[in-house]
Structures are given as C-alpha cells and as structure tokens.
Amino acid sequence: MKITQEADYALRMMCLLTKQSAAGVFTVGAATLAEGVAVPTRFGLKILHKLSQAELVKTSRGAAGGYSLNTDPETLTVRRVIEAIDGPIEINRCLSDTHACLNNPNKDCCRLHHVFEELNNHLTERLDRLTVAMVVDDRIGLGDLLCRVR
C-alpha cells in the first residue's frame, strides 16, 4: 500500500487550512492553497473537490470566497484525510470485500490474509491516533508526535 502523492498534498492542504484558521483567516483561495503545497492550481482544485465531497472542507463563492475547514482539526484524523482521497486503506487487495483470491478463495482459512489484516489494523489504528491539529501544533515535539504512531 502506498499513500498517494495526492493524499499527501491533501494532508498538507488541511494542515495549511488549520494554521490559517488558527491565525484568524478562515477562508483561503484555491490558488493560495495549491501554491502553499507546491502543486498546480488545477491539481489543487481536484484535491479540494475530493475534500469537499468528503465534507472535510466547505466552499464559498464570491470575491471573498474560497475554502475553509468543515470539521474540527482536533478530531480530524490523518486516516480520514487519506481515505477521503485514496479510499479505504488496504495494504493488500485480499482485504477488499470485492477481491476473490485465486490462491485461497476462503479468506478465513488463509494465514496470509490474517497477517495482512492484522498489519492493516495496526496501521489504521495508528493513523487514527494522529489528528491534523497535532501535526501543526508546534508545541508538540517531533518525538511526542512520533510516539503517537508507534
């Protein structure tokens, strides 16, 4: 499983929106967000559209329009942002309900399936421990931040 570059940029955009909101700037333009994470505006708009569909950001039109947080960064997990872009986290395709394994059609009897499922659960649990607010909070040292995902 690989977290896509698109999900990485989405996380960075959510962090930027969180920082701006903390500074009293509640609405940020798409071009500013895209520039802030070093992506072309067109690609930034695609990411923001997915974040909007997941109801993580809201949009407003007009001269003062742009994007703002639609969820509390204190409860918004890194996992939720990743899944808004990439879909459910599955380290192996056999974890998908729609995948029919040619090696062992009965997933309950497959030892590897159970190993992958356990690893996947550890990964998603750790991503749920980390919120966007924690990532941007400079008062939390890097060591403390990393302890959350250990």
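Values for this structure:
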{"item": "Which label in [x] 16.8; [y] 17.7; [z] 15.7 gives the computed Kirkwood radius over Cα pairs in Å", "result": "[x]"}
{"item": "Spherically averaged projected area of the range 4-87 from its Cα convex hull (nm²)", "result": "4.9"}
{"item": "Value of D in µm² per second that Stokes-Einstein yields for the range 49-89, Kirkwood Rh from Cα pairs, at 4 °C (1.567 mPa s)", "result": "119"}
{"item": "Accessible surface of the chain [probe 1.4 Å, protein heavy atoms]: carbon and sulfur percent", "result": "51"}
{"item": "Within the range 7-96, GluC sites (Glu not before Pro) in DSSP loop having at most 13 other beta-carbon neighbours inside 10 Å", "result": "E55, E74"}
{"item": "The chain, relative contact order in percent, only Cα pairs under 8 angstrom and at least six apart counted", "result": "26"}
{"item": "Rounded accessible area of C147 (nearest 10 Å², 1.4 Å probe)", "result": "80"}
{"item": "Total formal charge among the other residues, if their Cβ is under 12 angstrom from that of I85, Lys/Arg +1 and Asp/Glu -1", "result": "+1"}
{"item": "Accessible area expressed per residue, the chain, with surrounding protein chains retained (probe 1.4 Å, Å²)", "result": "62"}
{"item": "Cα-based Lys proximity count in the range 1-104, under 20 Å, for pairs eight or more positions apart or on separate chains", "result": "5"}
{"item": "Rounded FRET efficiency, nearest 0.05, which uses the C-beta distance separating A133 from A64 and R0 of 30 Å", "result": "0.75"}
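The values are calculated or read from the model by the stated rules, or taken from the named source; none is laboratory data. Here the structure is a predicted model, which means the values were calculated and not measured. Positions of Cβ are generated from backbone atoms using ideal geometry, with glycine treated the same way; all protein chains shown enter the neighbour counts. Side chains included, ligands, DNA and RNA excluded: accessible areas come from the protein's heavy atoms. Shrake-Rupley method; radii C 1.70, N 1.55, O 1.52, S 1.80 Å.
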